[in-house]
Amino acid sequence: MDNQSVLTAAGLQALFDSLRRRGYRIVGPKVRDGAIVYDDIEGVPDLPQGWTDEQAPGRYRLARRDDEALFGYAIGPHSWKAFLHPSVQRLWKSRREGEEVAITPEPPSAERFAFIGVRACELKAIAVQDQVFLGGAHVDAHYRARREGAFVVAVNCAEAGGTCFCVSMKSGPRVDAGYDLALTEIMDGGEHRFVVEAGSAGGGEVLAELPGRAATEGDLAAAEAVVERTAASMGRQMRSDDLHELLLANLEHPRWDEVADRCLTCGNCTMVCPTCFCTSVEDSSDLAGVESSRSRRWDSCFTMDFTHVPSGSVRASARSRYRQWMTHKLATWIDQFGTSGCVGCGRCLTWCPVGIDITEEVRAIRDNPMERGGGT
Amino acid sequence: MWTLEIEPSGPAPVAAAPGQFNMLTAFGVGEAAISLSGDPAEPGRLVHTIRAVGPVSRALAQLRPGAALGLRGPFGAGWPMAEAAGRDVVIMAGGLGLAPLRTAIHRLLTERARYGQVLVLYGARSPADILFRRELETWRRRLDVEIEVTVDHAAVSDWRGHVGVVTTLLGRASFDPANTVALVCGPEIMMRFSAAALADAGVRAEATYLSMERNMKCAIGLCGHCQFGPVFICRDGPVFRYDRIAALLRHKEL
Ligand SMILES: Cc1cc2nc3c(=O)[nH]c(=O)nc-3n(C[C@H](O)[C@H](O)[C@H](O)COP(=O)(O)OP(=O)(O)OC[C@H]3O[C@@H](n4cnc5c(N)ncnc54)[C@H](O)[C@@H]3O)c2cc1C
Ligand code: SF4
Ligand code: SF4
Ligand code: FES
């Protein structure tokens with residue numbers, strides 16, 4: 001196929017250069033503060049070459065690989081939502097003159113991001129947020145501007161993390177849609193190379209400029225083997241076809257009390273989750289009360305304030321807040337958006353300070369469901 | 001309790017249906033969901049009744065005549081006025097829940113001939129908490145509508161009316177339950193009991209409507225705050241047919 005070609009690490013640098021020439025702000029993985037995070041990068045030397053991550057519930061650690069792979073890790077605490085749906089977004093400013101108040105809406109961002117190293121589960125998570133912000137009657141102009149401007153360079157995972165379960169959620173490890181270019185990094189002892197596939201016209205244009213060679217049968221077979229190996233080594237598994245019925249029939253299951261005893265309601269899981277979209281708004285004004293502004297910021301269903309009404313919090317107990325989070329992710333999201341809210345990325349397991357494992361919580365309910373009649 | 005009348009500036013406001021709400025901003029303080037509580041026959045006047053309970057509602061209540069506030073709306077699904085045509089209508093309100101129902105009552109009385117019996121059953125905490133008291137008294141003088149008010153507690157010296165929860169009024173009322181639409185708004189616990197009492201009286205769940213309240217930030221289905229199981233109350237409600245949410249209401253803290 002002529003939309004597939006093979007690049008070396010030098011060819012990858014040419015990709016960065018080409019994207020920068022096209023005016024993109026390049027964001028990709030880099031090692032910082034003991035983790036692989038997404039940040040502005042210049043080029044190949046910024047990538048986490050030779051690093052991998054070891055992950056388990058409540059545990060994340062960087063480790064050296066015994067090769068020099070550039071994308072030889074799974075995923076870190078960041079997700080692309082930090083760029084498409086930033087943690088703070090001003091909505092408008094206002095200015096009072098006498099009794100009149102003039103409101104100036106914040107214009108949508110003109111920033112065009114190129115995302116480097118987007119995993120299959122992350123592409124799925126972006127598609128899930130597209131559904132939230134672009135799929136309903138009210139489209140979010142800020143999200144749309146950033147989303148439409150973005151160029152996505154995906155990577156097929158060569159290494160499943162210890163908390164990954166994308167195979168169970170049918171969201172990976174193979175990238176299959178939603179990218180401009182998709183890379184598969186091949187470290188088979190031969191040449192360190194990348195099989196690159198264009199997934200859009202824009203991607204094809206960029207690829208045509210890069211110093212690659214045509215992919216051989218051998219390259220394609222090696223790329224295929226990478227994804228197959230990853231699919232066979234998932235850290236976790238979770239049956240997902242019946243979660244909607246299972247969880248909604250078990251809203252009063254004793255397991256919610258049990259998990260609430262461990263849960264700190266810190267909200268880490270919602271912050272790291274690539275699909276969680278909830279926000280709050282905050283107004284502020286200058287001392288004279290002349291100028292004011294409204295911003296929205298990420299919020300979490302784990303806070304008491306989230307459901308605050310004048311008579312108190314609707315979800316006052318930790319039990320009800322954990323239940324909201326998990327049933328929203330895995331069940332009611334399907335009612336709302338026609339898809340699960342979980343892509344099996346494993347971040348909520350890894351970054352939970354007490355190591356609560358969503359797959360384990362589901363299993364506990366599945367293995368010992370309530371009598372029929374407890375649900376909706 | 002404060003009633004604000006808002007005169008729109010800028011583009012002409014979209015006509016609101018009874019039961020819908022607006023998002024009102026006190027500049028520099030914040031925004032709150034407030035129901036339209038006025039007479040829908042006077043669309044140029046946007047009337048909101050506000051209980052000062054927190055920062056935003058207090059700031060809105062303190063606005064002086066002529067001051068500017070921010071308004072977005074109207075939002076949400078309102079009361080099923082078309083469905084009520086030709087039927088008896090039972091309105092059950094608790095506390096501030098009378099505000100969003102006031103719009104529906106005005107509509108019923110303006111188009112009185114379109115409906116069967118009209119009953120308004122209202123429960124307030126004490127005589128001093130009765131909202132729209134003069135208006136209730138005016139309506140009470142009409143022969144084509146039944147208005148009953150009860151209070152939770154009162155000194156004998158200042159209240160001659162009913163004492164007890166609003167559901168006790170239902171037993172006294174005469175209407176045809178098989179051909180009735182019931183509109184209920186008040187604290188959630190009051191709505192649960194009212195819906196159950198209506199069902200006991202023979203009103204079908206499919207003809208009973210509740211207006212739900214949750215924390216709301218965006219009112220357009222994007223901020224996640226108002227989720228109630230699968231629904232977004234801002235977008236799918238706030239008025240719901242009881243049979244569609246009865247199962248959800250059985251779970252506490254959903
Ligand atoms: C559909 C709908 C219709 C409504 N109609 C009406 C109506 O007609 N009239 C009416 O009066 N009300 C109505 N309400 C209720 C009204 O929206 C709330 O009472 C409103 O939120 C009051 O805002 P507030 O700022 O005054 O108070 P609060 O809700 O107490 O506080 C506002 C904000 O401050 C934050 N906050 C509160 N307490 C704390 C704390 N301890 N620490 C930190 N932050 C805190 C909360 O997060 C909240 O977002 C309606 C609500 C809904 C959903
Ligand atoms: S719920 Fe957990 S595993 Fe699922 S997408 Fe969110 S962070 Fe990833
Ligand atoms: S799980 Fe909680 S924070 Fe995440 S989207 Fe759902 S309600 Fe919002
Ligand atoms: S108020 Fe934001 S989703 Fe309903």
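Which FRET efficiency, nearest 0.05, do A:SER311 and A:ARG21 yield, Cβ-Cβ r, R0 56 Å?
Plugging the Cβ-Cβ distance into 1/(1 + (r/R0)^6) gives 0.45.
Can you classify the range A:311-376 as rounded, prolate or oblate using the Cα gyration tensor, where a ≥ b ≥ c are the square roots of its eigenvalues, rounded means a/c under 1.5, and otherwise it's prolate if a/b beats b/c and oblate if not? Write out the running numbers ahead of the final one.
On the way: a/c = 1.22, a/b = 1.11, b/c = 1.10.
Since a/c stays below 1.5, the shape of the range A:311-376 is classed as rounded.
How big is the dipole moment of the protein assembly as shown about its Cα centre under a simple scheme where the beta carbon of each Lys and Arg is +1, that of each Asp and Glu is -1, and everything else is neutral? Debye, nearest 20, please.
Value, rounded to 20: 1660 debye.
Assuming R0 = 35 Å, what is the FRET efficiency of B:ARG172 and A:ASP261, from their Cβ-Cβ distance, to the nearest 0.05?
Calculated value: 0.10.
Using only C-alpha atoms and all pairs of different ones, pull out the Kirkwood radius for the range B:61-101 in Å with one decimal.
The answer is 13.9 Å.
Given the -39500 (n - 2.57) contribution per DSSP H run of 4+ residues, what per-residue ellipticity at 222 nm results for the protein assembly as shown, rounded to the nearest 500 deg cm²/dmol?
Details: 21 runs with 175 residues, N = 630.
Counting only the DSSP helices, I get -7500 deg cm²/dmol.
Once you have the Kirkwood Rh of the range B:107-254 from its Cα pairs, apply Stokes-Einstein at 4 °C and 1.567 mPa s and quote D in µm²/s. Don't jump to the answer; show the numbers that get you there.
Numbers: Rh = 16.9 Å.
For the chosen part, D equals 77 µm²/s.
Find the centroid of the Cα atoms in the range A:30-105 and in the range A:120-152, then give the distance between the two in whole Å.
Measuring centre to centre over Cα atoms gives 17 Å.
Please report the base-10 log of the normalised intensity I(q)/I(0) for the protein assembly as shown, using a Debye sum with one equal scatterer per alpha carbon and no solvent, at each q in 0.10 (1/Å).
The computed values of log10 I(q)/I(0) come out as -0.95.
Under Stokes-Einstein, with the Kirkwood radius over Cα pairs standing in for Rh, what whole-number D in µm²/s applies to chain B at 20 °C and 1.002 mPa s?
Once the numbers are plugged in, D ends up at 115 µm²/s.
Classify the range B:2-75 from the C-alpha gyration tensor, please: rounded if a/c falls under 1.5, else prolate or oblate depending on whether a/b exceeds b/c.
It comes out prolate by the Cα gyration axes.
Could you pull out every residue, at least 5 positions away or on a different chain, whose amide H is within less than 5 Å of the one on A:PHE151? Hs are placed 1.01 Å off N in the peptide plane, and Pro or chain starts have none.
The list, which skips near neighbours in sequence, is A:PHE113, A:ALA114, A:PHE115.
A:LEU91's amide H: which non-local residues (gap 5+, or another chain) put their own amide H closer than 5 Å, with H modeled 1.01 Å from N in plane and none for Pro or chain starts?
Hits under the 5 Å cutoff: A:ARG294, A:SER295, A:ARG296.
Could you tally up the Lys pairs in the protein assembly as shown with alpha carbons closer than 16 Å? Skip any pair fewer than 8 positions apart unless they're on separate chains.
Taking the protein assembly as shown as the scope, the lysine pair count is 4.
Kirkwood hydrodynamic radius of the range B:55-156 from all distinct Cα pairs, in Å?
15.7
Compute, for the range B:1-135, the length of the dipole vector about the Cα centre, with Cβ point charges of +1 (Lys, Arg) and -1 (Asp, Glu) only. Units Debye, rounded to 20.
On the way: 13 positive and 10 negative charges, 47 e Å.
That gives the range B:1-135 a dipole magnitude of about 220 debye.
Explain nothing, just the number: relative contact order of chain A, from Cα pairs under 8 Å at least 6 residues apart, as a whole percent.
22
Would you work out the Kirkwood radius for chain A? I mean one over the mean of 1/r across all pairs of different Cα atoms, in Å. Could the numbers behind the result be given before it?
Values: mean 1/r = 0.0449 Å⁻¹.
For chain A, the Kirkwood estimate is 22.3 Å.
Projecting each Cα onto the charge dipole of chain A (Lys/Arg +1, Asp/Glu -1 at the beta carbon, about the Cα centre), which of A:THR275, A:HIS192, A:ALA9 comes out farthest on the positive side?
The one lying farthest along the dipole's positive direction is A:THR275.
If I build a Gaussian network model for chain A, linking alpha-carbon pairs within less than 10 angstrom, which residue out of A:PRO77, A:PRO107, A:PRO86 has the largest mean-square fluctuation?
A:PRO107
What are the radius of gyration and Dmax of the range A:268-321, computed over its Cα atoms and given in Å?
14.4, 44
Scattering from the C-alpha atoms of the range A:243-367 alone, worked out with Debye: what is log10 I(q)/I(0) at q = 0.19 1/Å?
Each listed q corresponds, in turn, to -1.10.
What is the helix-to-structure angle for B:98-110, meaning the angle in degrees between its Cα long axis and the longest Cα principal axis of chain B, kept from 0 to 90 and rounded to the nearest 10?
On a 0 to 90 degree scale, this one is about 70.
Are there residues in the range B:1-44 whose accessible area shrinks by at least 20 Å² when all protein chains are included rather than the chain by itself, and which are they (probe 1.4 Å, ligands and nucleic acids not counted)?
Those are B:THR25, B:PHE27, B:GLY28, B:GLU31, which lose 20 Å² or more relative to the chain on its own.
Long-range amide H contacts for B:VAL120: which residues qualify at under 5 Å (H placed 1.01 Å from N, peptide plane, sequence gap of 5 or more or a different chain)?
Amide H to amide H, under 5 Å and 5 or more residues apart or across chains, B:VAL120 pairs with B:ILE91, B:GLU146, B:ILE147, B:GLU148.
The values are calculated or read from the model by the stated rules, or taken from the named source; none is laboratory data. Keep in mind the model is a prediction, meaning the values are calculated, not measured. Counting neighbours? That spans all protein chains shown, and the Cβs are built from the backbone with ideal geometry, glycine included. Each accessible area value is taken on the protein alone, full model and side chains, heavy atoms only, with ligands, DNA and RNA left out. Shrake-Rupley method; radii C 1.70, N 1.55, O 1.52, S 1.80 Å.
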